[in-house]
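Okay, structure first, notes after.
The values are calculated or read from the model by the stated rules, or taken from the named source; none is laboratory data. In this text the structure is predicted, and so the values were computed from the model without any measurement. Here the Cβ positions follow ideal geometry from the backbone for every residue, glycine too, while neighbour counts run over all protein chains shown. For the accessible areas, the whole protein counts, side chains as well, though only heavy atoms, and no ligand, DNA or RNA atoms are used. Shrake-Rupley method; radii C 1.70, N 1.55, O 1.52, S 1.80 Å.
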Amino acid sequence: MRFMIVIGVATALRSALADVDLPLIDIKSVDPTIVIELRYGGPNNLIGHALYSPGTPALVRPEVAQRLAAAQLFLRRYQCGLKIWDAYRPRSVQMRLWQAAHNNDYVADPGAGAGSMHSWGVAVDATLTDPWNNSVSMPTDFDDLTPAAMWRYRGADPAIRAHLRLLQRAMASAGFYGLRTEWWHFTIADWQKYLPPDEAKRAAQTFGTRWQGKL
């Protein structure tokens, strides 16, 4: 059984990398304590059904994985941890999301500029877990394309405010920027150097992942 599981994971990894010309690695290979729950691997997302093959790993550039490990270490001091909802996202999947949303406040148009930072392996969608790897209360669920998902929480629940602030502090300390419209989205701060120069220039004109205000 263990052999079959290893074969299945290896097959899923090869499938995920089949059409990718990027140096991507499995987040679990750098820090196995980070919880992975790829929402596009099941029905709990904007589309309502799976967009990834079963067993698809959470892939990012090696530099991103190392920074996620640093964020995880930060959170361990507070008996919390990271859960990754999405990582590298193929452009074909991004196109399906764009067709469903058609709102570039939330979903990047894959045909405009550099498209989504997920498709370059430099962004992740993340939330917090408690010491037992259970999700904690946050402003919204994943793929909530409403003002309630803004990174600056305006609700009245002190627990949610504390959880979001802790996640933001951990990711900022590890070298990530947040996204104004999605509290769960984080991009590596020096993302420009991981894109071709022309793509980076176009993305810089429209890309809005920077902290706006103090944490």
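Restricting the range 16-45 to residues that are open to solvent by 40 Å² or more (accessible area, probe 1.4 Å), part of a loop (DSSP other than H, G, I, E, B) and not β-branched (Val, Ile, Thr), which is modelled with the lowest pLDDT?
Only one residue fits best here, namely Ala18.
Find the residue count for the range 66-75, including only residues that are open to solvent by 60 Å² or more (accessible area, probe 1.4 Å) and more than 17 Å from the chain's Cα centre (by Cα).
1
Being modelled with pLDDT under 95, over 30 Å from Asp190 (Cα atoms) and part of a loop (DSSP other than H, G, I, E, B) narrows it down to one of Gly8, Gly48, so name that one.
On the way: Gly8 fails: part of a loop (DSSP other than H, G, I, E, B).
The conditions single out Gly48.
Sort out which residues of the range 41-78 are among the aliphatic types (A, V, I, L, M) and within 23 Å of Asp143 (Cα to Cα), and write them in order of number.
Leu46, Ile47, Ala50, Leu51, Ala58, Leu59, Val60, Val64, Ala65, Leu68, Ala71
Among the numbered criteria (1) touching a residue at least 24 places away in the same chain (Cβ under 8 Å); (2) closer than 25 Å to Pro43 by Cα; (3) not in a helix (DSSP H, G or I), which one does Pro131 miss?
Only one criterion in (1) touching a residue at least 24 places away in the same chain (Cβ under 8 Å); (2) closer than 25 Å to Pro43 by Cα; (3) not in a helix (DSSP H, G or I) is unmet by Pro131, namely (2).
Counting only residues that are hydroxyl-bearing (Ser, Thr, Tyr) and at pLDDT 95 or above, which one in the range 136-152 is surrounded by the fewest Cβ atoms within 10 Å (Cβ to Cβ)? Give the steps one after another, and end with the answer.
Taking the range 136-152 as the starting set, the residues that turn out to be hydroxyl-bearing (Ser, Thr, Tyr) are 137, 140, 146.
From what is left, the residues that are at pLDDT 95 or above are 137, 140.
Details: Ser137: 12, Thr140: 18.
Among residues in the range 136-152 that are hydroxyl-bearing (Ser, Thr, Tyr) and at pLDDT 95 or above, the one surrounded by the fewest Cβ atoms within 10 Å (Cβ to Cβ) is Ser137.
Based on what the data block shows, is Tyr78 surrounded by fewer than 22 Cβ atoms within 10 Å (Cβ to Cβ) and either among the hydroxyl-bearing types (Ser, Thr, Tyr) or within 19 Å of Trp132 (Cα to Cα) (or both)?
Working: surrounded by fewer than 22 Cβ atoms within 10 Å (Cβ to Cβ): yes; either among the hydroxyl-bearing types (Ser, Thr, Tyr) or within 19 Å of Trp132 (Cα to Cα) (or both): yes.
Yes, satisfied.
Could you look through the range 159-197, keep only residues that are at pLDDT below 95, open to solvent by less than 50 Å² (accessible area, probe 1.4 Å) and part of a helix (DSSP H, G or I), and pick out the one that is farthest from Ile84 (Cα to Cα)?
Per the criteria, the residue is Tyr194.
Are there any pairs, at least 6 apart or on different chains, whose C-beta atoms fall under 7 Å, with the first in the range 73-102 and without any contact (Cβ under 8 Å) to a residue 24 or more places away in the chain and farther than 14 Å from Gly121 by Cα and the second β-branched (Val, Ile, Thr) and not in a strand (DSSP E or B), and if so, which?
Listed pairs, sorted by first residue: Trp98/Val107.
Do you know which residues across the range 87-116 are open to solvent by less than 40 Å² (accessible area, probe 1.4 Å), at pLDDT 90 or above and touching a helix residue (DSSP H, G or I) at 6+ places or on another chain (Cβ under 6 Å)?
Matches in the range 87-116: Arg89, Gln94.
When you scan the range 117-135, how many residues do you find that are open to solvent by 20 Å² or more (accessible area, probe 1.4 Å), within 15 Å of Ala162 (Cα to Cα) and either within 11 Å of the chain's Cα centre (by Cα) or polar (S, T, N, Q) (or both)? Break it down stepwise before answering.
First, pick out the residues of the range 117-135 that are open to solvent by 20 Å² or more (accessible area, probe 1.4 Å): 120, 130-135.
Still in the running and within 15 Å of Ala162 (Cα to Cα): 130, 135.
Going one step further and asking which of them are either within 11 Å of the chain's Cα centre (by Cα) or polar (S, T, N, Q) (or both), we end up with 135.
Of the residues in that region, 1 qualify.
Looking at the range 174-183, which of its residues are touching a Pro at 6+ places or on another chain (Cβ under 9 Å) and within 12 Å of Asp125 (Cα to Cα)? First the steps, then the outcome.
Of the residues in the range 174-183, the ones touching a Pro at 6+ places or on another chain (Cβ under 9 Å) are 181, 183.
Correct list: Trp183 only.
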